[in-house]
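Take a look at the structure set out below.
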Amino acid sequence: MSKYNIVVKKEKDASYRMMLRPELVDELYEKIQQKLVLEKKYRDNEYSAKQLATDLGTNTRYISAVINLRFQQNYSSLVNELRIRDALYLLIDQRYADCTVEDISSMVGFSNRQSFYAAFYRVKGMTPKDYRQRNMKTKSKK
């Protein structure tokens, strides 16, 4: 049993992915990036693939297919990766030094501490607290 119950998921071959026109894939990819990355919708812990599909005027199968094709992951993994990238910055930014790890977890869109720690550990191989301690010391020595 691994720490934080991290399980590697098996690849599934969904035939509908190959039925999407390349132009549609490109268009949806750009729109997904706009919504999730530029508008930072990943910070909203209520924002779902269904809501993204509605906002983009498409369906969840197409959203899923494009995320799988272009990002090589599923919606949840993509959102968690964006949240962790954000958290990496906030954890070592001096302006947020007074914020707890839980505060930062909420700021980037995680609804609970456990899911934040599990996702963080999956990406960085250490806890957010350890990351902060190691990088704050390194930053202050420079």
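Once R0 is set to 35 Å, what does the formula 1/(1 + (r/R0)^6) return for the Cβ-Cβ distance between residue 37 and residue 130, expressed as a FRET efficiency to the nearest 0.05?
0.85
Give the average over all directions of the projected area of the C-alpha convex hull of segment 79-141, one decimal, in nm².
Working: hull surface 14.8 nm².
Quarter of the Cα hull surface area: 3.7 nm².
Under a crude label model (7 Å from the Cα following the beta-carbon direction), how far is residue 74 from residue 29 in nanometres?
Each label point lies 7 Å from its Cα, and together they span 2.2 nm.
Would you order 83, 132 from fewest to most other beta-carbon atoms within 10 Å of each residue's own beta-carbon?
132, 83
Limiting things to C-alpha atoms, what are the Rg and the maximum Cα-Cα separation (Dmax) for segment 16-130, in angstroms?
15.4, 50
A short reminder: the numbers here are calculations on the coordinates, not readings from a lab. This is a predicted model, so every value here is computed, not measured. Neighbour counts are summed over all protein chains in view; Cβ atoms, including those assigned to glycine, are modelled from backbone coordinates with ideal geometry.
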